[in-house]
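Below: the structure, in structure tokens.
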Amino acid sequence: MATAAPTRDGELIRRAVDLADLNALRVALYQNTRDAALAALPVAAKMSDADKALLKDKAVRWLEENAGRAERPDLPEPPEGELRALMTMVTGQPMSDVQFAARRDLPAFRAMPLAAEWPGDKPQIPSDFRVAIIGSGPAGIAAGVQCELLGLPYVVLDRQPEAGGTWTINRYPDIRVDTPSITYEFSFEKRYPWQELFNRGEAVREYLQHLSRKYGVMANSRFSHDVQGAAFDEARNCWVLDVETPEGRETLEASVVITACGTFANAAKPDIPGIEQFAGQIVHPAAWPQGLDLAGKRVAVIGNGSTGVQLLGAVAATAGHVTVVQRTPQWISPREGYGKPLPEELAWLYEHLPAYWNWARYTATAPLFDFHLLQRVDREWQAGGGKVSQGNDAVRATLIEYIRKETGGRQDLIDKLIPDYAPLSRRPVVDNDWYKSLTRDNVDLVTGSIARFTRDGLVMDDGSEVKAEVVITATGFDVLKYLLPARFTGLGGKDLHETWAAGDGPRAYLGMMVPGFPNMFMSYGPNSQPLTGGTGMPQWWLVWAAYAARCMMRLLQEGKGRVEVTQQAFDRYNQALDEAAKDWLQMTPEGGIEKNYYVNRDHRRLQVNAPWLSEDFHRMCTVVDWDDLALT
Ligand code: NAP
């Protein structure tokens, strides 16, 4: 554990204050002291050296006097007006009411931020009412915790033998979160003692299992239970689930189904001719054989998305030789603190300066608030000779410089590594010494398309050969296969996937509901990943769980049997969604529309993301528009 014992050790305090985020430090200290001199300071970016010294000295003095106390309880949430003033103090920017509503739980003062609560007395829950949650990853745990809070009976079903979802499945070398740990955590679990600034997959898995146990979800979970299908029984208003269990086939009934199966559940295996002829081993990172020994072997890595980039360094450190096969260059950027332990001093500060952890969460997310400004094409800027927009072009220049630096100026590599589409149009890829690895003696980079597999490796389109004993296919996931292979049959025997296939791919209302499929909610469904300035996926899993909860509460309070989105609301929502999507970089030639798993290329429509500003989508998902739903 990275925490230090309570102390008045002046040196430790000074080091902690020196490492602290100054915006979080200022606001936390102000909340504890109400010192007007702190309120008068500007945001960190505008602080003079004297301002910084003043803030740090005040913090050191306060901690020397107070940090030795045996108990440092969390601070309660300030009254609304004060909370808003503090949030504004952190960024120095005013915010609209909608932005405030979407951001107020980021500092996580409330015990259970974002959770839905019974609006009045809890009604009698019918004895046969039960929720089935499919998936025990973070989305499933969020839904389970929400059911626990409301006292709703539920069961979590997962085909894996343990909880953790994607973090249980993906165990490839050097896997870790690529967003700061403090933003990839649930706000209801305060000050979890993470060890690293960006956690390893194993640590995230342990964390999720800890939550599942602590909040009672584990006790309601059934592992190695694979839901193969679910059909809605119209006479009894319940879902009948067909489940493959270690003891054989089981039928299970649930009033409501929440799917929490993840977007990246179906590995995309490359459809390359001749693959069956290959004499070596093919490994997809999502099914990494534990104990796979690459020592001295000739390895090819196909793919340079988040996964391929994350694993290359570790693979190259053991393999004899690695060929990286790149079809399309990616924009790959560094993250400060990536791969580094959480400094003991910061862990100490979280424990000893009340509200510092809360504001550190907020400041870690705040840089994303205006992110959307970088994801629009500015035609005026283009008319003046720019590529996309002033901000986006500046990011491009920075990243090109980064490529030059990391490759040691190797022009042969640089020429192959600069993408021809705009940065920030695809999912950002975080560097894990990928560029540096390309400069190793035992690594080479091959670009272009793969023509076919042979017995001994690969042949590229230009006829060149890549010899390999092991081919790692870091080729991503088939995001169009939402919920598959499970089949869902709704009203009138309607099959969900056939319905989607008859149209233009998976669609939903708010990413959650489909007409004809009552009492069914998808967490992280089609078009649900916030495109802009998102506030971290854990927040959204809570938001979607709370939406399903609000619908269930209404159903129970009104004694109704079904809740369903109306066809009109679904159509209206999706028309607006398509319209809104057009404006985003992802959907433009500048953004490389053809090269993006965010986009359904068969139908040229945005598929994975919600094209709304984060705060607007938050409002849609937290303030239920009952006119859009039918309760019968
Ligand atoms: P991905 O982003 O879809 O990347 C797949 C890569 O494989 C691309 O480089 C793609 O090239 C290449 N590829 C696919 N088929 C190919 C073929 N037939 N021939 C040659 N190249 C081929 O997949 P991913 O890297 O697994 O990442 C998916 C998502 O998982 C990420 O965006 C992220 O959301 C999540 N993830 C997160 C983390 C984390 O740290 N938190 C880590 C890993 C993944 P093209 O570009 O030419 O299509």
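The values are calculated or read from the model by the stated rules, or taken from the named source; none is laboratory data. Since we're looking at a predicted model, the values are computed, not measured. Cβ coordinates were reconstructed from backbone atoms using ideal geometry, including for glycine residues, and neighbour counts include every protein chain displayed. Surface accessibility is based on the protein's heavy atoms, side chains included, excluding ligands, DNA and RNA. Shrake-Rupley method; radii C 1.70, N 1.55, O 1.52, S 1.80 Å.
For this structure, a couple of remarks:
- For the condition over 21 Å from Ile414 (Cβ atoms) and either among the acidic types (Asp, Glu) or touching a residue at least 12 places away in the same chain (Cβ under 8 Å) (or both), Ala360 qualifies.
- Residues that are under 31 Å from the mean Cα position of the chain (by Cα) and open to solvent by less than 40 Å² (accessible area, probe 1.4 Å) were ranked within the range 241-257; the one that is farthest from Arg130 (Cα to Cα) is Thr245.
- Among the residues of the range 245-270, those that are acidic (Asp, Glu) and free of Cβ contacts under 8 Å to residues at least 60 places away in the same chain comprise Glu247, Glu250.
- In a residue-by-residue description of the range 327-345, the property of being away from the ligand (no atom under 11 Å from the Cβ), crowded, with 21+ Cβ neighbours inside 10 Å and not hydrophobic (A, V, I, L, M, F, W, C) applies to no position.
- Residue-level check: of (1) more than 16 Å from the ligand (Cβ to nearest atom); (2) of a type outside the set (A, V, I, L, M, F, W, C); (3) within 26 Å of the chain's Cα centre (by Cα), Lys297 misses just (3).
- For beta carbons closer than 8 Å, sequence separation of 6+ or different chains, a first residue in the range 560-580 that is aromatic (Phe, Trp, Tyr) and a second that is not in a helix (DSSP H, G or I), the qualifying pairs are Phe570/Arg507; Phe570/Ala508; Phe570/Tyr509; Phe570/Met513; Phe570/Val514; Phe570/Pro515; Tyr573/Tyr509; Tyr573/Leu510.
- Within the set Ile258, Ile272, the sole residue that is in contact with a strand residue (DSSP E or B) (Cβ under 8 Å, 6 or more places away or on another chain) and under 28 Å from Asp462 (Cα atoms) turns out to be Ile272.
- Test: Ala219 is outside any strand (DSSP E or B) and farther than 30 Å from Arg455 by Cα: yes
- Across the range 445-494, the number of residues qualifying as within 16 Å of the ligand (Cβ to nearest atom), part of a strand (DSSP E or B) and open to solvent by 20 Å² or more (accessible area, probe 1.4 Å) comes to 8.
- Screening Ile302 with (1) open to solvent by less than 10 Å² (accessible area, probe 1.4 Å); (2) touching a helix residue (DSSP H, G or I) at 6+ places or on another chain (Cβ under 8 Å); (3) of a type in the set (A, V, I, L, M); (4) within 11 Å of the ligand (Cβ to nearest atom) gives one miss only, at (1).
- Listed by first and then second residue, the pairs with beta-carbon distance under 6 Å, at least 6 apart or on different chains, first residue in the range 586-615 and more than 17 Å from Asn574 (Cα to Cα), second in a helix (DSSP H, G or I), are Gly591/Leu585; Ile593/Met587; Asn596/Gln586; Glu615/Val98; Glu615/Gln99; Glu615/Ala102.
- Odd one out for Leu424, checked against (1) within 16 Å of the ligand (Cβ to nearest atom); (2) open to solvent by less than 10 Å² (accessible area, probe 1.4 Å): (2)
- Criterion: surrounded by 14 or more Cβ atoms within 10 Å (Cβ to Cβ) and either in contact (Cβ under 8 Å) with a residue 40 or more places away in the chain or under 25 Å from the mean Cα position of the chain (by Cα) (or both) - qualifying residue of Ala279, Ala231: Ala231
- Entry remark, the range 157-206: residues being more than 14 Å from the ligand (Cβ to nearest atom), part of a loop (DSSP other than H, G, I, E, B) and among the hydrophobic types (A, V, I, L, M, F, W, C) number 5 in total.
- Every condition in (1) crowded, with 23+ Cβ neighbours inside 10 Å; (2) within 16 Å of the ligand (Cβ to nearest atom) holds for Trp359 except the one numbered (2).
- Those residues of the range 139-192 which are open to solvent by less than 30 Å² (accessible area, probe 1.4 Å), under 24 Å from Ala474 (Cβ atoms) and aliphatic (A, V, I, L, M), in sequence order: Ala139, Ile175, Val177
- In summary, Val325 fulfils each of the numbered conditions (1) in a helix (DSSP H, G or I); (2) closer than 20 Å to Val446 by Cα; (3) hydrophobic (A, V, I, L, M, F, W, C) with the single exception of condition (1).
- Ile282 vs. criteria in a loop (DSSP other than H, G, I, E, B), within 16 Å of the ligand (Cβ to nearest atom), hydrophobic (A, V, I, L, M, F, W, C) and within 27 Å of Arg427 (Cβ to Cβ): no
- Residues in the range 88-112 that are more than 22 Å from Cys621 (Cα to Cα) and assigned to a helix (DSSP H, G or I): Thr88, Met89, Val90, Thr91.
- Restricting the range 550-608 to residues that are in a loop (DSSP other than H, G, I, E, B) and of a type in the set (Gly, Ala, Ser) leaves a set whose member that is nearest to Gln124 (Cα to Cα) is Gly559.
Here is a yes/no grid of residues against (1) within 16 Å of the ligand (Cβ to nearest atom); (2) open to solvent by 30 Å² or more (accessible area, probe 1.4 Å):
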site	(1), (2)
Thr588	no, no
Glu594	yes, yes
Val624	no, no
Asp627	no, yes
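- One residue from Leu577, Leu555, Leu542 being away from the ligand (no atom under 16 Å from the Cβ), surrounded by 18 or more Cβ atoms within 10 Å (Cβ to Cβ) and either under 30 Å from Tyr207 (Cα atoms) or not aliphatic (A, V, I, L, M) (or both): Leu542
- Enumeration of residues in the range 285-305 that are assigned to a loop (DSSP other than H, G, I, E, B), more than 30 Å from Leu157 (Cβ to Cβ) and free of Cβ contacts under 8 Å to residues at least 40 places away in the same chain: Asp293, Gly296
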